[in-house]
Amino acid sequence: MLNDEQKLKVSTWIADGVKLSDIQNRLGEECGVRLTYMEVRLLVDDLKLVPLDPVVSAPPAAPVEAAAPTAPSQVPAPEEVQFMPPAPSGNVTLTVDTIAKPSTVASGAVTFSDGVTAVWYLDQTGRLGVTAPDPGYRPPNADVQEFQMLLDQQLAKMGF
């Protein structure tokens with residue numbers, strides 16, 4: 001599908017921390033190759049590449065008033081402090097249909113933290129669709145990330 005030069009571009013973009021959706025767009029714009037998001041995920045996996053986690057900047061520190069000095073043994077060295085990605089909050093639940101809806105590869109339901117339940121499906125071309133009861137509904141951003149993570153886990157269990 002991609003030539004060696006295009007594969008090298010994808011590898012460079014992954015090393016630079018570019019998100020998969022941006023890689024999908026760049027492939028279309030720069031290389032004239034139109035891929036679905038799922039195809040880009042599979043491409044990155046086939047190339048044995050691992051996308052970088054987004055860099056989370058720490059909030060600015062609050063000013064510290066004069067306090068009693070802290071013993072050096074009580075202050076962790078910078079190399080001892082490690083960032084742990086946030087654990088799923090458990091506010092989003094995902095179910096997978098035993099039998100996928102017609103014209104889909106997989107389908108199910110997702111309930112977001114605000115209590116809205118939507119239907120999700122993955123069609124034969126790898127496109128993900130989510131249908132909520134209210135056409136203008138937008139779930140909270142944190143819920144979208146958690147939904148994607150849960151869906152990735154479930155699809156991996158199913159062999160996708």
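The values are calculated or read from the model by the stated rules, or taken from the named source; none is laboratory data. Small disclaimer: the values here were computed from a predicted structure and weren't measured. Note that each Cβ is placed from the backbone with ideal geometry, even for glycine, and that neighbours are counted across all protein chains shown.
Conditions (1) under 20 Å from ASN91 (Cβ atoms); (2) loosely packed, with under 11 Cβ neighbours inside 10 Å, marked per residue:
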position: VAL110; (1), (2): yes, no
position: VAL116; (1), (2): yes, no
position: TRP120; (1), (2): yes, no
position: GLY129; (1), (2): no, no
position: ASP134; (1), (2): yes, yes
position: ASN141; (1), (2): yes, yes
position: PHE147; (1), (2): yes, no
position: LEU150; (1), (2): yes, no
position: GLY159; (1), (2): no, yes
Report task. Looking for whichever is at pLDDT below 85, outside the structural domain of MET38 (by TED's automatic domain parsing) and within 17 Å of the chain's Cα centre (by Cα) here; the options are PRO86, PRO72, PRO140, PRO78. Which one fits? Result -> PRO86
Query raised in the report: Got a number for residues in the range 117-142 being closer than 22 Å to LEU35 by Cα and either assigned to a helix (DSSP H, G or I) or without any contact (Cβ under 8 Å) to a residue 12 or more places away in the chain (or both)?
Result: 1
Report task. May I ask you to verify whether GLN145 is at pLDDT 85 or above, part of a helix (DSSP H, G or I) and touching a Gly at 6+ places or on another chain (Cβ under 9 Å)? Result -> no
Report task. State which residue is farthest from the chain's Cα centre (by Cα) when the search covers only the range 24-42 and only residues that are surrounded by 17 or more Cβ atoms within 10 Å (Cβ to Cβ) and closer than 21 Å to GLY129 by Cβ. Result -> LEU35
